[in-house]
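Peer 1: Pasting a structure below so you can have a look.
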Amino acid sequence: MSADANNIAIGAPGEDIDKAAGTDVKNAGSVTTFKVPASGAWTQYQVIHQDQPGVIGGIETGDRFGETVQAVNLSPRTAPTWQTLQLLVGVPGESQGSVTAAGAVQTMTLLGAPGPHNDVLYAGHNGVPGTPGADQHMGRAIGASPTHIYVGMPTGPNAQGAAYAVPWQNVTSYDAGGADQPVTVYQPGKDGIPSGGKAFGAVIR
């Protein structure tokens, strides 16, 4: 985003990706970005998916990369740069090792190729508590502010669901050498949140 243009990201989680000649990986998913100047004459900027240079992870059937997308300027009062204009991509079908559909959230710049400023959130990594669980589908509910990434986990590990607020410092790899900051966990029955019910964190606004 700039004074005379906007950047738009559109997820296509059901996109089949060609991994090798004649081989389509079903529902691997992708994200397409566009530049929309004030004139309205938009142009396609880039198509992003796993198995690309600079993008973490390999494409697998059912990854659904791009099921959710969020864009945020980490320094909203200044002109955006590759460091500050960031894109979140939910990958709820991503396996973590042998754990199927544990899910993940990937971060990357919205200006230019993902490159070295691509990172990933999943349980047990970058400050997110817990360990990956099957069918937790992390990445189905995400949100962002200039200070935090918000991740809903309605299907576990907490039985009633939970939501995490992850400081951006934990994933901005260009701040190499910085320690992970504490992740705030919101869940029913704690910190004034009523207990009972299910699927807490299913929607992030």
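Peer 1: When the range 156-175 is examined, which residues are found to be crowded, with 22+ Cβ neighbours inside 10 Å and either touching a His at 6+ places or on another chain (Cβ under 6 Å) or among the hydrophobic types (A, V, I, L, M, F, W, C) (or both)? Give the derivation first.
Peer 2: Taking the range 156-175 first, the residues crowded, with 22+ Cβ neighbours inside 10 Å are 162-164, 166, 170-171.
Answer for the range 156-175, where residues must be crowded, with 22+ Cβ neighbours inside 10 Å and either touching a His at 6+ places or on another chain (Cβ under 6 Å) or among the hydrophobic types (A, V, I, L, M, F, W, C) (or both): Ala162, Ala163, Val166, Val171.
Peer 1: Scanning for something of a type in the set (D, E, K, R) and either open to solvent by less than 60 Å² (accessible area, probe 1.4 Å) or on the phi < 0 side of the Ramachandran plot (or both), does the range 82-97 turn up at least one residue?
Peer 2: Filtering the range 82-97 for residues of a type in the set (D, E, K, R) gives 94.
Imposing the further condition that a residue be either open to solvent by less than 60 Å² (accessible area, probe 1.4 Å) or on the phi < 0 side of the Ramachandran plot (or both) reduces the set to 94.
The answer is yes; a qualifying residue exists.
Peer 1: Let me ask something additional. Give all pairs with beta carbons closer than 9 Å in which a residue from the range 66-83 that is closer than 16 Å to Ala141 by Cβ and polar (S, T, N, Q) meets a residue that is modelled with pLDDT under 90 and surrounded by 14 or more Cβ atoms within 10 Å (Cβ to Cβ); count only pairs at least 6 apart in sequence or on separate chains.
Peer 2: Matching pairs, first to second residue: Thr68/Ile204; Gln70/Ile204.
Peer 1: Sticking with this structure for a sec: Of all residues in the range 66-85 being of a type outside the set (Val, Ile, Thr) and not in a loop (DSSP other than H, G, I, E, B), which is nearest to the chain's Cα centre (by Cα)?
Peer 2: Initially, the range 66-85 is screened for residues of a type outside the set (Val, Ile, Thr), giving 66-67, 70-71, 73-77, 79-80, 82-83, 85.
Subsequent filtering for residues that are not in a loop (DSSP other than H, G, I, E, B) retains 70-71, 73, 85.
Numbers: Gln70: 7, Ala71: 10, Asn73: 15, Leu85: 14 Å.
Ranking the candidates gives Gln70 first.
Peer 1: A further question on this structure: Which ones in the range 26-59 are assigned to a loop (DSSP other than H, G, I, E, B), under 18 Å from Val89 (Cβ atoms) and not charged (D, E, K, R)?
Peer 2: To start, the set of residues in the range 26-59 that are assigned to a loop (DSSP other than H, G, I, E, B) comprises 26-28, 38-42, 49-59.
Now narrow it down to the ones that are under 18 Å from Val89 (Cβ atoms): 27-28, 49-59.
If the condition is that a residue be assigned to a loop (DSSP other than H, G, I, E, B), under 18 Å from Val89 (Cβ atoms) and not charged (D, E, K, R), then Asn27, Ala28, His49, Gln50, Gln52, Pro53, Gly54, Val55, Ile56, Gly57, Gly58, Ile59 are the ones that fit.
Peer 1: Go through the range 130-145 and count every residue that is farther than 20 Å from Gly62 by Cα and touching a Ser or Thr at 6+ places or on another chain (Cβ under 7 Å).
Peer 2: 0
Peer 1: I've got another one for you. Can you tell me which residue within the range 18-35, out of those that are among the aliphatic types (A, V, I, L, M) and modelled with pLDDT of 85 or more, is farthest from the chain's Cα centre (by Cα)? Reasoning before the result, please.
Peer 2: Kept after step one, since they are among the aliphatic types (A, V, I, L, M), are these residues of the range 18-35: 20-21, 25, 28, 31.
Retained after the next criterion (residues that are modelled with pLDDT of 85 or more): 25, 28, 31.
On the way: Val25: 20, Ala28: 15, Val31: 11 Å.
That would be Val25.
Peer 1: Also: Among residues belonging to the range 41-68 that are under 17 Å from His117 (Cα atoms) and of a type in the set (A, V, I, L, M), point out the one that is surrounded by the most Cβ atoms within 10 Å (Cβ to Cβ).
Peer 2: Among those residues, the one meeting the criterion is Ile48.
Peer 1: Right, next: Being touching a helix residue (DSSP H, G or I) at 6+ places or on another chain (Cβ under 8 Å) and at pLDDT below 95, is that true of even one residue in the range 57-65? Show your work before the answer.
Peer 2: The first filter runs over the range 57-65 and keeps only residues touching a helix residue (DSSP H, G or I) at 6+ places or on another chain (Cβ under 8 Å), leaving none.
Looking for residues that are touching a helix residue (DSSP H, G or I) at 6+ places or on another chain (Cβ under 8 Å) and at pLDDT below 95, one finds none in the range 57-65, hence no.
Peer 1: Further, regarding this structure: Give the range 103-121 a look and list any residue that's in contact with a Gly (Cβ under 7 Å, 6 or more places away or on another chain), surrounded by 20 or more Cβ atoms within 10 Å (Cβ to Cβ) and over 17 Å from Pro13 (Cβ atoms), or say none.
Peer 2: Those that are in contact with a Gly (Cβ under 7 Å, 6 or more places away or on another chain), surrounded by 20 or more Cβ atoms within 10 Å (Cβ to Cβ) and over 17 Å from Pro13 (Cβ atoms): Pro114, Asn118.
Peer 1: Which condition from (1) out of contact with any Pro (no Cβ under 7 Å at 6 or more places or on another chain); (2) open to solvent by less than 30 Å² (accessible area, probe 1.4 Å) is the one that His125 breaks?
Peer 2: Of everything listed in (1) out of contact with any Pro (no Cβ under 7 Å at 6 or more places or on another chain); (2) open to solvent by less than 30 Å² (accessible area, probe 1.4 Å), His125 misses just condition (2).
The values are calculated or read from the model by the stated rules, or taken from the named source; none is laboratory data. Since the model is a prediction, treat every value here as computed from it, not as a measurement. A quick note on method: Cβ atoms are made from the backbone with ideal geometry, for glycine too, and the neighbour counts reach across all protein chains shown. Areas reflect the complete protein model, heavy atoms only, side chains present, ligands, DNA and RNA absent. Shrake-Rupley method; radii C 1.70, N 1.55, O 1.52, S 1.80 Å.
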